[in-house]
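The values are calculated or read from the model by the stated rules, or taken from the named source; none is laboratory data. What you see is a predicted model, and the numbers here were worked out from it, not measured in a lab. Ideal geometry is used to build each Cβ from the backbone, glycine not excepted, and the neighbour counts take in all protein chains shown.
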Amino acid sequence: MNQITVLLAEDHQIVRQGFRCLLKHEADIEVVGEAETGRQAVQLTRKLRPAVVVMDIAMPLLNGLEATRQIRKECPDTKVLILSAHSDDAYVEQVASLGASGFLLKQTSSESLAVAIREVQKGKTFFSAAISRRVQVRAQSAAHRGASKTNGNRLSSREIEVLQMIAEGKPNKQVAAELGVTFKTVDKHRQHLMSKLDIHDVAGLTRYAIAEGIIESTVRVTIT
């Protein structure tokens, strides 16, 4: 029997352990790695090439949606299954457009998680019943519109990383350390973001990040 290799991307260790314990009883599924940040999820996917990544949305350093976009671009054979406590329309719409293969609510049973992993590994899609219809309607609507609403001021991956950390209240010095760049480079990114989005304070950037699903509204942030 060929096992389905899975990477768990979730920032809470106790939740990851719970998922691992649940999946341990599935003979055809093997958890090959765990990531506690979005950036680590991307790095481990490059290294391990799992069949499926189970991805939380609210991930530090790089949110799960942007991590999904990078994984789908760099490792197209890896399927991504989004797992979240929230089903806000902003997240549902982005999941449908980023190439994720499914979206499960965290209230979903362990049996549904295993079924979803098997389905997306086969190239199918799997969505919680509560949001399945909404995904279909939004996908049809997006097809009619043609382009995503954010294409006009599309941010680069690095800009999204910087924006997320600013919105999470991290100072430039910490952002620079996390990204391995200079303080001056981070300041340039910050100024470019403000100019590109026509937003000129951190509070405004934070509100934009929440509205676009870059961070969840339930994430505690410090606005300066």
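Taking the stretch 191-223 as the range and being at pLDDT below 85 and assigned to a helix (DSSP H, G or I) as the test, the residues that pass are VAL202, ALA203, GLY204, LEU205, THR206, ARG207, TYR208, ALA209, ILE210, ALA211. Of the candidates LEU44, LEU23, LEU8, LEU48, the single residue that is under 20 Å from GLN121 (Cβ atoms) and touching a residue at least 60 places away in the same chain (Cβ under 8 Å) is LEU23. Inspection of the stretch 28-39 identifies no residue that is at pLDDT below 90, of a type in the set (Asp, Glu) and farther than 21 Å from LYS122 by Cα.
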